[in-house]
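Asker: Quick one: structure below, then a few questions.
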Amino acid sequence: MLISLPAHLILLLQTLLISTHIVGGAIIVRDGPVTGRIQTTPVTVYKPRSLEFLKRTRLRSLRQLECEAQSNVNQTERLEWDAVQVEGPDVEDRHTLAQLARMAGNAYALPGHSNWYDVDPAWNTSFPFGWEEGEGFRGHVFLSSDNNTVVLSIKGTTLNGPTSRLDKYNDNLLFSCCCARHAWVLRTVCDCYGSGWTCDNQCLSDALIEDSLFYSIGTKLVDDLLHIYPSANIWLVGHSLGGALSTLLGATYGLPAVAFESPGERLAAQRLHLPLPPTINDTEPETPSFWARFPILAAILPTPRVPRSPPPPPPLAASITHVYHTADPIPFGTCSGLYSACASAGYALETKCHLGKSIVFDTLNRMKWLVDVRKHVVKEVVKLLDVPAEGEDGVDWGDDGEGGGEDPEDPCRDPNWCFGGASMRGVVQRVWAWTLGDGPDVGMRGIHLPGKNKKKPGKGKKGEGEDGGEEKKKDYTRVPKAIVEVDCVDCARWEFLPNEEEKGIGTN
């Protein structure tokens, strides 16, 4: 019989288990960069030099209304980050993603129940947290057999259950533009709305740091894990809301995190005033300009027009990975609007921009799936990622769409999603507002739809016959190439003001 214990008591028991070095029963352990059957790879993460100073920096940033923690005038108060190489999950390996997805799915269940997923034997030891009555932030802590790797799995949203009310409250705070005020069917979750399309930004930040919210509870749990396992590799995983919480906590502490089918959490990270690691520009020394080297010429000749500076690069969040597929509207922020399924259920899931990098499975073209919010559930993700058994057919996701054939017929039939679009490519561009293009660097601008860049018949690769030769053997262990959402903008029509009362705009 499984007894659900408070998180702090569980972690105290884990400390005792570490001293005996006995965890679980029969465990498979392999040497080298493999833990169980989950592949690992070296990952550079940026960890705050002091956790206490990190917390003070966040509080100072909240008081200043802007996230100025890294550009503070007083350099003695600058938050220092250490680049540390750790063993993180190999997100380019399909089996590894499948196992992490199963752990994320297990955050919804208890061992022995029908919705509990089996994981590799090396990870059969887990301890639940947050399963007491009245708790909302819950999941499991998975341990490798040698205690060198700890996986914190966080539960996502449950539509009907004891945590549903708190789940919805956290969803609408994290993923709505302004307190879930975008449809008459929704009840606002904070009083930050001004008038028209204006919202009080400081009010939103204050609403997100309440001690009862899931993010604040998660920081306390991660603090405990870091103190109990000071030398272990700690990973975070989750699905939907749990995935966003995992990546937010991963960004806070510099830990590898993998999220499945998560709404965009980049806006929530800004509102939480997370002191993010340095950007690419911060790590490269500045090169003096030509005019700075010759001040006399600069005084004589007319000063050239200064070009507009490019947008700031994304943070070095290589340890944060989002995994989702194109048939799920929630990660793309399209399950919104008055008549959407999400709004009808009371959810305002409006954000689409993610931290880190994203691995996007184009299930619309490759598997002929239709856009359907029911594809958001974790069991669909597990089935999608599970490697086909020997002799079973499947999709080689690393193929990048090579092979002949025309673009598939648009499978979308729902006018709520298609808006009359004639082609799936046009639908993606109009509905999801992502830049799609052809070429080898398309991954840095948006989603590469494999329907384009097809090989023409008779144009086989080197070593193949004139008609393409023998078909290349499929590799079911590969996944799509990761992309970075550099051109993504959330809540473009909204204006977020520092303080609505100072502007003379009354709150509602």
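Asker: Do we have Leu255 as outside any helix (DSSP H, G or I), closer than 22 Å to Leu79 by Cα and of a type in the set (A, V, I, L, M, F, W, C) here?
Answerer: Taking the combined requirement at face value, the residue satisfies it.
Asker: Taking interchain pairs and intrachain pairs at least six residues apart, which have beta carbon atoms under 7 angstrom, with the first residue in the range 210-234 and closer than 16 Å to Gly88 by Cα and the second acidic (Asp, Glu)?
Answerer: Close Cβ pairs satisfying both conditions: Asn233/Glu87.
Asker: With the structure loaded, tell me whether Ala348 is at pLDDT 90 or above and either among the β-branched types (Val, Ile, Thr) or under 27 Å from Val395 (Cβ atoms) (or both) or whether it fails that test.
Answerer: It is false that Ala348 is at pLDDT 90 or above and either among the β-branched types (Val, Ile, Thr) or under 27 Å from Val395 (Cβ atoms) (or both).
Asker: Another question, if that's okay. Under 17 Å from His140 (Cα atoms) and assigned to a helix (DSSP H, G or I): is that true of Leu226 in this structure?
Answerer: In short, yes.
Asker: State the number of residues belonging to the range 133-164 that are touching a residue at least 12 places away in the same chain (Cβ under 8 Å), closer than 30 Å to Gln202 by Cβ and not in a loop (DSSP other than H, G, I, E, B).
Answerer: 1
Asker: Does Val387 satisfy being in a loop (DSSP other than H, G, I, E, B) and either over 29 Å from Leu255 (Cβ atoms) or modelled with pLDDT under 85 (or both)?
Answerer: No: the conditions fail for Val387.
Quick grid of which residues meet (1) over 21 Å from the mean Cα position of the chain (by Cα); (2) on the phi < 0 side of the Ramachandran plot; (3) among the aliphatic types (A, V, I, L, M); (4) surrounded by fewer than 14 Cβ atoms within 10 Å (Cβ to Cβ):
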site	(1), (2), (3), (4)
Arg94	no, yes, no, no
Ala122	yes, yes, yes, no
Glu133	yes, yes, no, yes
Leu166	no, yes, yes, no
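Asker: May I pose another question? Exactly one condition in (1) assigned to a loop (DSSP other than H, G, I, E, B); (2) at pLDDT 90 or above; (3) out of contact with any His (no Cβ under 7 Å at 6 or more places or on another chain) is false for Val185; which is it?
Answerer: (2)
Asker: Here's a follow-up. Sort out which residues of the range 485-507 are of a type in the set (Val, Ile, Thr) and modelled with pLDDT of 90 or more, and write them in order of number.
Answerer: Val489
Asker: Now for a separate question. Among the residues that make up the range 192-209, is at least one of them on the phi < 0 side of the Ramachandran plot, touching a Lys or Arg at 6+ places or on another chain (Cβ under 6 Å), assigned to a strand (DSSP E or B) and not hydrophobic (A, V, I, L, M, F, W, C)?
Answerer: Yes: one or more hits.
Asker: Another question, then. Of everything in the range 244-272, what is touching a strand residue (DSSP E or B) at 6+ places or on another chain (Cβ under 7 Å) and either closer than 17 Å to Asp490 by Cβ or of a type in the set (A, V, I, L, M, F, W, C) (or both)? Give them in sequence order.
Answerer: Ala244, Leu245, Thr247, Leu249, Ala251, Leu255, Ala257, Val258, Ala259, Phe260, Ser262
Asker: Confirm whether Pro302 is assigned to a loop (DSSP other than H, G, I, E, B), touching a helix residue (DSSP H, G or I) at 6+ places or on another chain (Cβ under 7 Å) and at pLDDT below 60.
Answerer: Spelling it out, it is not the case that Pro302 is assigned to a loop (DSSP other than H, G, I, E, B), touching a helix residue (DSSP H, G or I) at 6+ places or on another chain (Cβ under 7 Å) and at pLDDT below 60.
Asker: Can you spot a residue in the range 217-225 that is out of contact with any helix residue (DSSP H, G or I) (no Cβ under 6 Å at 6 or more places or on another chain), among the aliphatic types (A, V, I, L, M) and modelled with pLDDT of 85 or more?
Answerer: Checking the range 217-225: at least one residue is out of contact with any helix residue (DSSP H, G or I) (no Cβ under 6 Å at 6 or more places or on another chain), among the aliphatic types (A, V, I, L, M) and modelled with pLDDT of 85 or more.
Asker: Right, here's the next one. With the requirement that a residue be closer than 22 Å to Glu87 by Cβ, hydroxyl-bearing (Ser, Thr, Tyr) and touching an Asp or Glu at 6+ places or on another chain (Cβ under 9 Å), what does the range 121-172 give you?
Answerer: Thr149
Residue by residue, here is whether (1) crowded, with 21+ Cβ neighbours inside 10 Å; (2) more than 24 Å from Lys352 (Cβ to Cβ); (3) touching a Pro at 6+ places or on another chain (Cβ under 7 Å); (4) not basic (Lys, Arg) holds:
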residue: Asn172; (1), (2), (3), (4): yes, no, no, yes
residue: Arg187; (1), (2), (3), (4): no, no, no, no
residue: Leu204; (1), (2), (3), (4): yes, no, no, yes
residue: Ala207; (1), (2), (3), (4): no, no, no, yes
residue: Asp223; (1), (2), (3), (4): no, yes, no, yes
residue: Leu241; (1), (2), (3), (4): yes, no, no, yes
residue: Leu248; (1), (2), (3), (4): yes, no, no, yes
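Asker: Another question, if that's okay. Quickly run through the range 104-118 and pick out the residues that are of a type in the set (A, V, I, L, M, F, W, C) and under 23 Å from Val395 (Cβ atoms).
Answerer: Ala104
Asker: Of Glu392, Glu406, which residue is at pLDDT below 80 and part of a loop (DSSP other than H, G, I, E, B)?
Answerer: Just a single option satisfies the conditions, and that option is Glu406.
Asker: How many of the residues making up the range 103-118 are buried (at least 23 other Cβ atoms within 10 Å of the Cβ) and either hydrophobic (A, V, I, L, M, F, W, C) or in contact with a helix residue (DSSP H, G or I) (Cβ under 8 Å, 6 or more places away or on another chain) (or both)?
Answerer: 5
The values are calculated or read from the model by the stated rules, or taken from the named source; none is laboratory data. Please read all numbers here as calculations on a predicted model, not as lab measurements. All Cβ positions, even for glycine, are placed from backbone atoms using ideal geometry, and neighbour counts span all protein chains on display.
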